[in-house]
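Participant: Here it is: the structure, laid out below.
The values are calculated or read from the model by the stated rules, or taken from the named source; none is laboratory data. Source: prediction; values computed, not measured. All Cβ positions, even for glycine, are placed from backbone atoms using ideal geometry, and neighbour counts span all protein chains on display. Keep in mind that these areas ignore ligands, DNA and RNA; they rest on the heavy atoms of the full protein, side chains included. Shrake-Rupley method; radii C 1.70, N 1.55, O 1.52, S 1.80 Å.
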Amino acid sequence: MALLLDGKKISQEIKNELKKEIKESKLSPGLAVVLVGENPASVIYTKHKKKACAEVGIKSFSYELPHETTQYELEELIEKLNLDKKIHGILVQLPLPEQINAQKIIASIDPKKDVDGFHPLNVGKLMLGLPGFRSATPLGIIELIKRYNLDLVGQHAVIVGRSNIVGKPLAQLLLQEHATVTICHSKTKNLPEITAQADILVAALGRPQFIKKDMVKKGAVVIDVGMNRLDNGKLVGDVDFDEVKNIVEAITPVPGGVGPMTIAALLMNTVKAAGFK
Ligand code: GUN
């Protein structure tokens, strides 16, 4: 059985560190959590985020808006939050209802409060390797790998999935850690041949148990970003955990792997934002 990369345990370590840091500093970090509508997954994610804030001493300000909210109304709220000195980070939970242009909303957030790292300025800084906010899931994944002292330098990292939230920013962070990076997606030819070459395989495509044993190299490190609910109610990742666990060196479980690390990274970003003058 492979080493389990325990995101729950590592995220707790990070939360303890942040709690101490906040207590010992004069910081009083505030995070605005904006939820539009009642997407069931989003309701759960924002609840977890607010609970984690309370655990470490970040004050969360909850804004729950109806599904029918207009672009203008949401932009007005963001403008208000941008100016509010008690609020250091602004998180607008995605996806947004279809009448709202999400890119325009993200671009309206003050980049200094963009703790999700989705603003074009922060995305540009990521590309250039300049300091700025990094997207929480990729940041959490790198933190998890580092805290287990797993090698990144010169390793071949294969990412399956090219989203703006995970695949693309993670590729940049892995490059900065001197990995060799391949991004695959739904149109990639010979996908199993490519994933089987990975020293580090990241599954972020959103298809339950898609990565099978024959797609993974013996001794690889497998990071599973997927969160899929099966018809029988079971929560599974994008990797077929039971098939893969016996041939790899290390693997993240679902739940308890990447999910808690995303939240820990959001808290790290919020504390960082509170340090801005
Ligand atoms: N929806 C899915 N993941 C995320 C995330 O990391 N941040 C926000 N704001 N929305 C999401």
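Participant: Helix 40-56 sits at what angle to the longest principal axis of the chain, using alpha carbons and giving 0 to 90 degrees rounded to 10?
Facilitator: Helix 40-56 sits roughly 70 degrees off the main axis of the chain.
Participant: Roughly how many Å is it from the Cα centre of region 1-52 to that of region 98-150, as a whole number?
Facilitator: Here the answer is 16 Å between Cα centres.
Participant: Could I ask something else about it? Using helices alone, what [θ] at 222 nm do you get for the chain, with -39,500 (n - 2.57) per DSSP H run of 4 or more residues, divided over all residues and rounded to the nearest 500?
Facilitator: Calculated at 222 nm, the ellipticity per residue is -12500 deg cm²/dmol.
Participant: For K59 and L230, what does the FRET efficiency come to when R0 = 30 Å and r is the distance between their Cβ atoms, rounded to the nearest 0.05?
Facilitator: 0.20
Participant: Here's a follow-up. Within region 60-140, list the GluC sites (Glu not before Pro) lying in a DSSP loop whose Cβ has at most 15 other Cβ atoms in a 10 Å radius.
Facilitator: E68, E98
Participant: Something else: When the chain is fully extended, how far beyond the present Cα-Cα distance does L4 get from H178, taking 0.36 nm per residue of separation?
Facilitator: 60.3 nm
Participant: Which whole-Hz couplings ³J(HN,Hα) result when phi for each residue of region 148-160 is put into the Karplus expression 6.51 cos²θ - 1.76 cosθ + 1.60, θ = phi - 60°, listed in order with x for Gly and Pro?
Facilitator: 9, 6, 7, 6, 10, 4, x, 6, 8, 9, 10, 10, 9
Participant: Name the residues whose placed amide hydrogens come within less than 5 Å of the amide hydrogen of I200, ignoring near sequence neighbours (fewer than 5 apart) on the same chain.
Facilitator: H156, A157, V158, V221
Participant: Per the 1.4 Å probe, what fraction of the accessible area of the chain, in percent, lies on carbon and sulfur atoms?
Facilitator: So the carbon and sulfur contribution to the accessible surface is 55 percent.
Participant: For a 20 Å ceiling on Cα separation, which of these pairs sit above it: K15/K234; K80/K168; K9/K213; K51/K234; K47/K168; K85/K113?
Facilitator: Values: K15/K234 28 Å; K80/K168 31 Å; K9/K213 27 Å; K51/K234 23 Å; K47/K168 26 Å; K85/K113 11 Å.
Correct reply: K15/K234; K80/K168; K9/K213; K51/K234; K47/K168.
Participant: Then there is this: Determine the gain in length on full extension of the stretch T188-R147; use 0.36 nm per residue of separation and subtract their C-alpha separation, reporting nm with one decimal. Walk me through the numbers before you get to the answer.
Facilitator: On the way: separation 41, 0.36 × 41 = 14.76 nm, distance 3.16 nm.
Net length gain for the segment: 11.6 nm.
Participant: Restricting to DSSP loop positions (anything but H, G, I, E, B) with no more than 13 other Cβ atoms inside 10 Å of their own Cβ, which trypsin sites (Lys or Arg not before Pro) remain in region 107-206?
Facilitator: Qualifying residues, ordered by number: K187, K189.
Participant: Just report the Cα centroid separation between region 164-184 and region 198-277, whole Å.
Facilitator: A separation of 15 Å, based on Cα centres.
Participant: In nanometres, what is the gap between the two model label sites at L83 and S42, each 7 Å from Cα along Cα-to-Cβ?
Facilitator: 2.6
Participant: Before I look further, what does region 58-212 give for accessible area per residue, probe 1.4 Å, in whole square angstrom?
Facilitator: Values: 7690 Å² over 155 residues.
Averaged over the residues of region 58-212, the accessible area is 50 Å².
Participant: Rounding to the nearest 10 and keeping the result within 0 to 90°, find how far the Cα-based axis of helix 136-147 lies from the longest principal axis of the chain.
Facilitator: 50
Participant: Same structure, new question: Is region 134-265 rounded, prolate or oblate when judged by the Cα gyration tensor, a ≥ b ≥ c being the square roots of its eigenvalues, rounded requiring a/c under 1.5 and prolate requiring a/b larger than b/c?
Facilitator: Since a/c stays below 1.5, the shape of region 134-265 is classed as rounded.
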